[in-house]
Amino acid sequence: MEEILNQLPAFVEQIRDIREIIISNIVLIGQIPAPTFREQRRAERLVERLADFQVDDCAVDDFGNPVGIIRGRASSKSAIFIVAHLDTFCETTSDTLYTVTDKAISGMGVSDNSAAVGVMASLPEVFRRLGMVFESDIVLVAPVHSLGPGNLKGIRQLLKTWPTPVRGAICLESVELGRLNYYSDGMIRGEISCSIASEKKMGRHHQPNAILIIHEVIHAILKLRLPQKPRTQIVIGKIAGGFNHGQEAFDASIGFEIRSDSDRMVKELYRDIKDIVNGINKTFAVDLKLAVISHLNSTQLAYNHPLVKCAARILYRLGVEAVSEPSETALSIFLQKQIPAITLGLTRGNHFHQDGAMVEIEPLFKGIAQIPALVAAMDSGMCSHE
């Protein structure tokens, strides 16, 4: 491991030498919109870029996931996956325009997760410049249908049908450099919507107001008692309703997320919220509905697992402080399948999920340097208990 760590300063400089290739890939791929369930054009462009870099096998699979395989020297070795989700929170279907300066790349979706996808497309050239050849197959995949209602379907489907053993996985997120995730909380993300029936919309007075009914729901949720252990949280992150200042609201909704390191607690709180919705529905005789958007099980790689320890040592040698938090990425799907995995951040940025989203260029070189160093450690068996 020490030999790999000693190479990190040279890795950073050699990666900086192909700065223009990396930026070009981020821009060429990121400017193509990829809302969840509508990622096809971006998937095709990514496969084209991988083919340009002479990846051994690259194609869009039957589910829509773009996949590239860099063949290793030993066919008996289990594959190493490098993953960066393809879809973004942006709902636009028109091509966007990225702005590149000496210091930053700006544009919708660049910080989640277009920069990471562009970096992944550049990895074949990164490995070539560093003179790195591996024993294991390196599988580059940008899963579709990852965010929100996509519920990580792309990576779930890929792993369900993958024909060979998987040694481990590195999940890439554009931000934040220093991110080192090795566990995920149990989670249920849902929406509660209220709609006033047409026969109750007549007249100006004494009709139900959907916003006020949703307020009753929020008030009841906030009264739920949450334990300190297991660590548990309910986040109400979205609210919408009404269309006119002087008109009673006929429709309103909230989006919420239950998180806990206990799957049992997540399920109990969901049942409590379901009871709240059913009770208020009967009280006000409106159309109040509860829907699950996505869910995850609580999973964890031990903090002293060799993969986590290797990643932490790499960050330390790069002069970057490691920060560990729960992750809702493909990490959780790998861990559910008993495949060691971590999530890494690649650079720093601002204004996530907004028009002014940006990522810094200079920190990218350290962020990318993590990847070949960790892949080399995994390929040599340093990151497993085997």
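The values are calculated or read from the model by the stated rules, or taken from the named source; none is laboratory data. Remember, it's a predicted structure, so these values are computed and weren't measured experimentally. All Cβ positions, glycine included, derive from the backbone under ideal geometry; neighbour counts span all protein chains shown. Side chains are part of the model used for accessible areas, which takes the heavy atoms of the whole protein and leaves out ligands, DNA and RNA. Shrake-Rupley method; radii C 1.70, N 1.55, O 1.52, S 1.80 Å.
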Could you sort the peptides 275-288, 235-248 by per-residue average Cβ neighbour count (10 Å cutoff), highest mean leading? 275-288, 235-248
Formal net charge of residues neighbouring L172 (Cβ-Cβ distance under 13 Å; K, R +1; D, E -1): -2
In degrees rounded to 10, the 0-90 angle between helix 263-284 Cα long axis and the longest Cα principal axis of the chain is 30
Could you check how much of the accessible area of segment 295-382 is carbon and sulfur, as a whole percent, using a 1.4 Å probe? 47
Summarise the accessible area of segment 1-95 (1.4 Å probe, protein heavy atoms) by the percent that is carbon and sulfur. 46
Per residue, accessible area of segment 1-127 with a 1.4 Å probe, heavy atoms of protein chains only, in Å², comes to 43
Regarding segment 117-179, what's the average projected area of the Cα-atom convex hull, expressed in nm²? 5.7
When the dipole is taken about the Cα centre of segment 22-179, and only Lys, Arg (+1) and Asp, Glu (-1) are charged at their Cβ, what size is it in debye, to the nearest 20? 360
Could you state the angle between the C-alpha long axis of helix 40-52 and the longest principal axis of the C-alpha atoms of the chain, as a value from 0 to 90 degrees rounded to the nearest 10? 10
Distance violations [Cα-Cα > 23 Å] among K267/K309; K238/K337; K160/K267; K309/K337; K160/K274; K337/K366: K267/K309; K238/K337; K160/K267; K160/K274; K337/K366
Solution diffusion estimate, µm²/s, Stokes-Einstein, the chain, Kirkwood Rh from C-alpha pairs, 20 °C, viscosity 1.002 mPa s: 96
Expressed as a fraction of 2.2 N^0.38 Å, the rule-of-thumb size for a compact globular protein of N residues, what is the C-alpha radius of gyration of segment 54-201? 1.29
Going by alpha carbons, how many degrees (0 to 90, nearest 10) lie between the helix axis of 210-222 and the longest principal axis of the chain? 60
For T93, T88, the accessible-area ranking with a 1.4 Å probe, largest leading, is T93, T88
With both bridge residues required to lie in the chain, what share of the DSSP beta bridges run antiparallel, to the nearest 5%? 75
Return the tail of the calculated pair distribution for segment 19-68, meaning the percent of Cα-Cα pairs more than 15 Å apart. 46
Once the Cα gyration tensor of segment 186-296 is diagonalised, what are the square roots of 5 times its eigenvalues, in whole Å and ordered largest first, as equivalent ellipsoid semi-axes? 29, 12, 11
